[in-house]
Amino acid sequence: MNLNYTTYRIICSHPFGISRSTHDFYDIVYVYISDGGYVGRGEAAPSLRYGESTDKVIRQLESIDSLNSMTLDEGILWCKKNANGISSLEASLSTAWLDLWSLKKQRSISDFFKSGNNMLYTSFTISIGDLDLIPKKIEEAKTYNILKIKLGVNEEHDKNIIKLIRNETDKLIRVDANEGWDLDTGKKMCKWLADHNVEFVEQPFKAQNLRDTAKLRDLSPLPLIADENSIKSSNIPDIAHAFDGINIKLMKCGSLFEAKKMIDLAHEYDMKIMLGCMVESSIGITAMSNLSPQVDFADLDGNLLIDNDPYIGVKIIDGKLKLPSGNGLGLTLNPEYKKDFNNLK
Ligand SMILES: [Mg+2]
């Protein structure tokens, strides 16, 4: 078996602004594990919020020795060990490994996880940025049924954004404060947003501020969903009193296997479940989409927010996710990218 990797710069269609940062592009790493004519693909989209970077991912990849043939379970352990605690790297290795294993077994990933085909609508993100661009962004989002709005700046600014959006559309909105509010702002905003066709509020406060989150949950007419507080399954028992649901991201939890464990545990705690993403391309988004029939909400739009996605995988039909047919992840490399990026497989 062979391990290959390459960096790739994904370009945002609009500068991607959230409460703590704005990006025009992100550098990601594609990982390929190949064997006997099959290539398994994975993607690492490292996040600085979690202390990860492309450099860190590449340095760790350079330290990995050659691969021997492995069973599925041995491969899962190998990915965890060789990622050395870098979750986005583990995500790329474990996705490539499962893709390769499923391709060789001639099975789809969806079949592997017994997901069924109840595909969800995905929300489409309107990030923080130039307020004058909001009508244009709403127009561009017209094929999506649900909008996800990044807030968390301050009460006045956040209300202005919602008012501007409500001038254009009455579509269902999901709000993500990305840890940007304090308790007072959180209380006022949740009350106010409840009158503006908002479905839930994601991560109102800093992850270390669970005490205020639990207080807000008691008062808020809107459900609260954990994102920065919800990394792996081990977090769920500690946050279940403060949140109504969790957001699971492949880049945070490290594998579809861990994501599935989070889904099952969150169900035991009677929590709502959303599948989310970083700004990433179709490898990561397609991988996670395979679990979407098992959850309540999909926010799998990272690949829709970039202009140069080299892969073709999950599609959006009438606002709903639609998995590609075929074994493994069912991905293909867009032929237009083949000639300019010969490291892509
Ligand atoms: Mg979030």
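We did not get these values from a lab; they are worked out from the coordinates using the rules stated. Everything quoted here is computed from the prediction, not taken from an experiment. Backbone-built Cβ (ideal geometry, glycine too); neighbour counts: all protein chains shown.
For T125, nonlocal amide neighbours, meaning residues 5 or more places apart or on other chains whose placed amide H falls under 5 Å from its own, are K148. Amide H to amide H, with H built 1.01 Å from N, E199 comes under 5 Å of I173, R174, V175, counting only residues 5 or more places away or on other chains.
In a reduced charge model with +1 at each Lys and Arg Cβ and -1 at each Asp and Glu Cβ, the stretch 85-149 shows a dipole moment near 340 debye about its Cα centre. With θ taken as phi - 60° and the Karplus curve 6.51 cos²θ - 1.76 cosθ + 1.60 applied, the whole-hertz 3J(HN,Hα) list for the stretch 94-103 is 5, 5, 4, 5, 5, 4, 4, 4, 5, 4 Hz, x standing for glycine and proline.
Between 0 and 90 degrees, the angle of helix 210-219 with respect to the longest Cα principal axis of the chain falls at about 50 degrees. Across the stretch 236-247, computed HN-Hα scalar couplings (Karplus, 6.51 cos²θ - 1.76 cosθ + 1.60, θ = phi - 60°) run 4, x, 7, 10, 4, 6, 9, 10, 8, x, 10, 10 Hz from first to last residue, x flagging Gly and Pro. Using alpha carbons only, how many degrees (0 to 90, rounded to 10) separate the axis of helix 155-168 from the longest principal axis of the chain? Around 80 degrees separate the two axes. Only Lys, Arg, Asp and Glu carry charge here, each on its Cβ (+1 for the first two, -1 for the last two); on that basis the stretch 112-333 has a dipole of about 400 debye about its Cα centre. Within the stretch 1-108, none of the chymotrypsin sites (Phe, Trp or Tyr not before Pro) combine a DSSP coil assignment with at most 15 other C-beta atoms in a 10 angstrom radius. By the beta-carbon count within 10 Å of each Cβ, the least crowded to most crowded order of D24, D35, D65, fewest first, is D65, D24, D35. Over the residues of the chain, the helix contribution to mean residue ellipticity at 222 nm works out to -10000 deg cm²/dmol, using -39500 (n - 2.57) for each DSSP H run of at least 4.
Relative contact order, whole percent, for the chain stands at 19, derived from Cα pairs under 8 Å and 6 or more residues apart. Phi angles of the stretch 169-180 translate, via the Karplus equation with coefficients 6.51, -1.76, 1.60 and θ = phi - 60°, into HN-Hα couplings of 7, 10, 4, 4, 10, 10, 10, 10, 8, 6, 6, x Hz per residue; Gly and Pro are given as x.
Simple spin-label estimate for K136 and M70 gives 4.6 nm between the two label positions (7 Å along the Cα-to-Cβ direction from each Cα).
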